[in-house]
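Notes follow the structure.
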Amino acid sequence: MLIKSDRLTHDISPLRDPDQNFNLAYEGTEKSEILNKYFCSISNLDDANKDLPEFDDRCHDFLSQIIVSEQDVLDIVSTLDANKAVGPDIVSNRMLLAVRNEISKPLCLLFNKSLHDRASICPAEVELFCMHDHREAEINRLDCQKTNANSSLL
């Protein structure tokens, strides 16, 4: 239970803990536990043996394909903040903004090609990719590093 005070404060007022003879809780962790117990108690639903209701599809139109235009790419690149740090690709936003007119067409072609090629992936290839053992790939990578480290540069 919440105890109201007349003074202005930014903290949560002390709470009474019903599990501890309604003792006052002053610490943040104690208050969070009390609130957590309360919200958990009022939000438990017994829906283990209930069927989901029928879902009527309200959307009858679907995108058959996505097409990215040069203007779309140009608009997105133009919204970049030049003062932000570089990402994992080490390409700065300042450089992208400087060459945005030149890169909008190649990026548009790349995005459209990747969107269209992705739709034509054969299920067998996807299954093969999903079943790939990542531990085996790591072992092969380490073997290559060891071989390259032991080989002569000449």
When both residues are 6+ apart or on different chains and their Cβ atoms are under 7 Å apart, which pairs have a first residue that lies in the range 74-102 and is free of Cβ contacts under 8 Å to residues at least 24 places away in the same chain, and a second that is polar (S, T, N, Q) and in a helix (DSSP H, G or I)?
LEU80/ASN93; ASP81/ASN93; ALA82/ASN93; LYS84/ASN93
Inspect all residues belonging to the range 29-47 and state whether any of them is farther than 30 Å from LEU15 by Cα and out of contact with any strand residue (DSSP E or B) (no Cβ under 6 Å at 6 or more places or on another chain).
yes
Which listed residue is of a type outside the set (Lys, Arg) and modelled with pLDDT of 85 or more, from SER64, SER78, SER41:
SER78
Candidate set from the range 84-118 (those that are under 24 Å from ILE66 (Cβ atoms) and either surrounded by fewer than 10 Cβ atoms within 10 Å (Cβ to Cβ) or not assigned by TED's automatic domain parsing to the domain that holds SER69 (or both)); member that is modelled with the lowest pLDDT:
ARG118
Regarding the range 65-78, can at least one residue be identified that is exposed (fewer than 10 other Cβ atoms within 10 Å of the Cβ), part of a loop (DSSP other than H, G, I, E, B) and at positive phi?
no
Would you pick out the residues in the range 21-42 that are of a type in the set (D, E, K, R), surrounded by 12 or more Cβ atoms within 10 Å (Cβ to Cβ) and more than 30 Å from the chain's Cα centre (by Cα)?
GLU30, LYS31
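The values are calculated or read from the model by the stated rules, or taken from the named source; none is laboratory data. Fair warning: this is a prediction, and the values are worked out from it, not measured in the lab. Every residue, glycine as well, gets a Cβ built from its backbone with ideal geometry; the counts of neighbours run over all protein chains shown.
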